[in-house]
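Laboratory data are not the source of any read-out in this text; all were calculated from the coordinates shown. For clarity, every value in this text was computed on a predicted model and none was experimentally measured. We place every Cβ from the backbone using ideal geometry, glycine too, and count neighbours over all the protein chains shown.
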Amino acid sequence: MVYNVDMIKTILHCDLNNFYASVEQKLHPEYDGMPLAVCGNPEVRHGIVLAKNQLAKQAGVQTGEAIWISKQKCPNIVFVPPHYDKYVEYSKKVFSIYTTFTDRVESFGIDECWLDVTGSLSLFNMTGEEIANKIRETVKEKVGLTISVGVSFTKTLAKLGSDMKKPDAVTVLDKDNYMSRIGNMSPSEMIMIGRKTSQKLEKLNIRTIYELAHADINIMRSHFGVIGSNLVKEARGEGDDIVAKYYEHTIPKSVSNGTTTPRDINTFEEAKVVVYALSELIAVRLRSYNLLANGVGIYLKNNQFDGVSKQIALQKPTSNASTIAKTALDTLKDIYNFNLPLRAITVAAIRLTDESDYQLSLFDTSDFDKEEQLEKTVDKIRDKYGYQTIKRGVVMKNDLTGNLHEEDDFRPFHQSKTT
């Protein structure tokens, strides 16, 4: 779609309501009419609320709080474990509906996305609000889930609109009414403003979106750099970000996997087991997306909940688990001495490139090809017969990684258009 400079866009932000909990209720109709929360497994120290339905929310249950606190607030609450494969399945069903209205569907996670329906208004002979309601009704009818939709002329305002009224609702913020609707809100309600930025704005006596929209851009730049002027423009409704096409091939910035282990990690050798297991998960995902990593990051949290992290560049791109693991472990040695035990480790493949864009030097050995082909062959065997068919010796029969490749608790979903 090519835009006229003066064209006012019509952008929707669609947000699936209480997504994880709503899917679980579809899977468990016996819990209809009951407060429900999706929780990690307390036996492996993931005993927190990951998502909750509307009834649990009304009882005061909050995402991220401990299970026992939720039980005190809502004694009759039902706890269920997460089923990420089902969330992906339902997400795809909903996104397939979105793409019948426009090809410009930009994912913002498994349960949220923007739609640019500017070119669809005349095609469907509908207003943006009418299209939003049509999508909302279609999702409810065909998938059995509800969405909240914000309708506006920028991505930021559309996202703000979808947050204003939930569940199962449409909110319109147009050129004429948007400031009267949002002007008194805190700037922290805007998608790009986090807690620290909000605190800095308060020190500048900017406490509302209206005040941000009327802030001096030069002063904002002096405090925030380039982002300062962007904040003002977004508050003024002058954002011009384009909604990407759903089927465009986009390369994610990173692929990562992390885990909180069933018990504390007291030594480097114990950490080595976890790092190798995580690196295998990452490598499999890289190869399934035909991506290569140009760097590796490791993120550590000790049993006092203090964190440390570091990233390092690779000499040549890879999707090889051994290379990722060895690099992560070398970095771990540099930044951690085990004066305190670790409780969580995350490994990340960063600075990703498409495998087709990388060509081996004429002076390279064939080791790269051999290792990559060997791991791809292992991938195929595991796809057909299961992960347990082939395991690295370093991760066998170990209580730190026994469930890492089996339980959903240890495989957090990272949304990607390639899934």
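Worth a mention:
- Distance between modelled label sites at residue 129 and residue 294, nm, 7 Å Cα→Cβ extension: 4.8 nm
- In terms of surrounding Cβ atoms within a 10 Å radius of their Cβ, 104, 263 rank from fewest to most as 263, 104.
- Computed FRET value (nearest 0.05) for residue 140 with residue 59, which takes r as the C-beta separation and R₀ as 22 Å: 0.35
- Residues listed by number, the range 298-338, amide nitrogen under 12 Å from residue 264 label point at 7 Å toward C-beta: 302-305, 338
- Label-to-label distance, residue 180 versus residue 236, with points set 7 angstrom from Cα along the beta-carbon direction: 2.2 nm.
- Separation between Cα centres of the range 246-287 and the range 189-210, rounded to whole Å: 34 Å
- Computed lengthening from residue 195 to residue 32, 0.36 nm per intervening residue step minus Cα-Cα distance: 55.0 nm
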